[in-house]
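The values are calculated or read from the model by the stated rules, or taken from the named source; none is laboratory data. What you see is a predicted model; the values in this text were computed from it and never measured. A quick note on method: Cβ atoms are made from the backbone with ideal geometry, for glycine too, and the neighbour counts reach across all protein chains shown. Keep in mind that these areas ignore ligands, DNA and RNA; they rest on the heavy atoms of the full protein, side chains included. Shrake-Rupley method; radii C 1.70, N 1.55, O 1.52, S 1.80 Å.
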Amino acid sequence: MERQTVTSTGVVTARARLLARLALLCAVAAVVSLFVPFGSGGLLIIALGLAGLVLCAAGTWWFLAHRGPVRLLGALLAVGTPVGVLLLYVDGGLWRSALTALGLWAVALSCARSALRRPHRPRAATPAPRPRRPVLFMNPRSGGGKVERFGLVEYAERLGARVVLLDGDEARERPADPDTDAEAEPRGEPEREDTGPGEAGSGGPGHLDVAALARQAVADGADLLGVAGGDGTQALVAAVAAEHDLPFLVISAGTRNHFAMDLGLDRDDPARCLDALTDGEELRVDLGDVAGRAFVNTVSFGVYADVVQRPEYRDAKAGTALSVMPDLLTGDGGRRFDAVVDGTTLPEQQALLVSNNPYDTPADPLGAGRRPRLDRGVLGVIAVRVEGAAQAAELAVRGAQSEGLNILAARRVEVTAATGTLPVAVDGEALVLPAPVVCTLRPRALRVRVPRDRPGTVPPAPPLRWRRIVALAFGPRGESR
């Protein structure tokens with residue numbers, strides 16, 4: 001049996017204490033390896049690494065914020081600097097020390113996070129009865145045609161659901177067959193899809209009023225609403241479900257499926273989400289609100305919101321972004337705005353991301369970031385203001401400690417601008433809203449129906465604080481995490 005120390009605030013196991021000590025040992029060894037044997041160039045390794053990081057960040061800024069020769073120079077710096085630093089390490093015989101220190105530091109970080117990690121408690125769910133009149137809205141074009149590829153319509157109908165197809169500007173209803181077998185298997189083999197970067201309104205249902213269709217379904221007696229489509233469509237129907245306190249079913253048939261991921265659903269096989277109709281549980285999660293419109297993931301202001309407003313963005317995302325970035329970052333085309341976050345004023349911001357609950361990886365909320373919980377009752381806020389190459393370099397070196405980056409949690413965010421309107425990207429959908437724009441949260445407003453058998457969420461990584469590691473490794477036996 002593993003020996004442990006129990007306190008009023010937690011448990012410190014012998015394993016955690018050992019991992020904390022290993023983390024400190026490897027961290028010290030990483031530093032020592034740079035200077036042993038004497039004269040091995042430890043200071044030079046550190047100096048070259050920091051210089052390379054600064055030059056790479058500055059080059060990235062010049063590449064994004066300028067055109068012509070300056071952009072070319074920025075590209076050369078961003079790509080060539082890492083290669084140059086590596087060649088200098090090899091030429092100076094420093095690569096062994098650098099590689100050893102890097103490996104030891106990686107082990108130290110891994111041990112430290114493992115020592116601080118608490119037991120993961122899954123989000124509380126309650127058993128849910130089978131719905132009698134579920135209505136599902138499916139977008140056949142979403143996610144590159146996942147609805148058809150996974151046979152979602154036929155499988156849903158066999159489970160007793162009424163299906164409404166959102167095809168362009170038309171809604172085509174698929175009535176359920178009451179004689180179908182509720183235990184039928186989904187048609188087709190699950191396929192992986194390269195999700196790629198997020199899309200603004202990709203595969204959306206055209207100009208259909210999806211919320212009105214959902215309200216009509218409720219008026220006709222629906223006791224569950226669900227969506228197979230992008231997160232923008234998910235949010236519209238989720239708002240109606242929350243308004244009538246009905247369960248909501250998320251089917252991961254969009255491109256990136258961030259909401260489904262943070263609910264612990266299977267993003268590779270959306271048919272598994274439909275199992276919630278016959279063997280489901282219910283979660284209570286928060287629902288974001290921006291100017292009276294619901295959102296399930298994020299609201300973006302500033303640079304990203306301006307880019308997705310461009311008509312050409314849908315067909316040429318990278319090219320559009322590169323062509324307009326200089327104007328948005330340094331030219332007259334860039335919008336600056338002020339944000340008030342729970343009474344804290346953030347002036348002259350270039351980009352602001354407000355999320356339904358904070359992301360665990362704030363450095364990349366639109367990519368690998370996850371929200372470990374969707375029921376904390378607070379918004380996540382990431383604000384960025386970078387004026388030039390020097391601040392870009394500071395951001396690269398100092399990260400969240402940089403003056404140009406603010407990461408906060410709040411209950412209310414108000415965004416104002418000199419103009420009467422603000423371009424906004426709500427769950428990837430391009431909108432223009434009257435200023436000021438207010439973002440709030442409706443705690444636990446949404447009942448989400450999920451299958452009992454699902455992948456689940458990834459435990460959040462604990463914040464890494466070396467002072468806590470030292471206390472855990474060498475503190476009194478009553479020391480708690």
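Data for the structure
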{"item": "Single unsatisfied condition, residue 377 versus (1) in contact (Cβ under 8 Å) with a residue 40 or more places away in the chain; (2) over 22 Å from residue 462 (Cβ atoms)", "result": "(2)"}
{"item": "Residue match in segment 245-253 (condition: open to solvent by 10 Å² or more (accessible area, probe 1.4 Å) and either within 20 Å of the chain's Cα centre (by Cα) or farther than 17 Å from residue 126 by Cβ (or both))", "result": "no"}
{"item": "Residues of segment 228-286 classified as touching a Pro at 6+ places or on another chain (Cβ under 6 Å), within 17 Å of residue 165 (Cβ to Cβ) and part of a strand (DSSP E or B), total", "result": "1"}
{"item": "Residues that are open to solvent by 40 Å² or more (accessible area, probe 1.4 Å) and at pLDDT 95 or above, drawn from segment 133-147", "result": "133"}
{"item": "Unmet criterion (only one of (1) crowded, with 19+ Cβ neighbours inside 10 Å; (2) of a type in the set (A, V, I, L, M); (3) modelled with pLDDT of 90 or more) for residue 291", "result": "(1)"}
{"item": "Residue list for segment 236-279, filter: over 16 Å from residue 136 (Cβ atoms), among the aliphatic types (A, V, I, L, M) and modelled with pLDDT of 95 or more", "result": "239, 242"}
{"item": "Pairs with Cβ under 8 Å, 6+ apart, first in segment 54-74 and without any contact (Cβ under 8 Å) to a residue 24 or more places away in the chain, second assigned to a loop (DSSP other than H, G, I, E, B) and open to solvent by 40 Å² or more (accessible area, probe 1.4 Å)", "result": "74/66"}
{"item": "Residue identified as farther than 25 Å from residue 154 by Cβ, in contact (Cβ under 8 Å) with a residue 24 or more places away in the chain and in contact with a Lys or Arg (Cβ under 6 Å, 6 or more places away or on another chain) among 280, 264", "result": "264"}
{"item": "Identity of the residue in segment 287-315, among the aromatic types (Phe, Trp, Tyr) and assigned to a strand (DSSP E or B), that ends up farthest from residue 381 (Cα to Cα)", "result": "295"}
{"item": "Total residues in segment 392-442, condition outside any strand (DSSP E or B) and either in contact with an Asp or Glu (Cβ under 8 Å, 6 or more places away or on another chain) or open to solvent by 60 Å² or more (accessible area, probe 1.4 Å) (or both)", "result": "16"}
{"item": "Residues of segment 28-67 classified as open to solvent by 50 Å² or more (accessible area, probe 1.4 Å), farther than 21 Å from residue 98 by Cβ and outside any loop (DSSP other than H, G, I, E, B), total", "result": "4"}
{"item": "Hey, residue 383 open to solvent by less than 30 Å² (accessible area, probe 1.4 Å) and either closer than 15 Å to residue 294 by Cβ or modelled with pLDDT of 95 or more (or both) or not", "result": "no"}
{"item": "Which listed residue is assigned to a helix (DSSP H, G or I), modelled with pLDDT of 85 or more, surrounded by fewer than 16 Cβ atoms within 10 Å (Cβ to Cβ) and within 31 Å of the chain's Cα centre (by Cα), from 109, 104", "result": "109"}
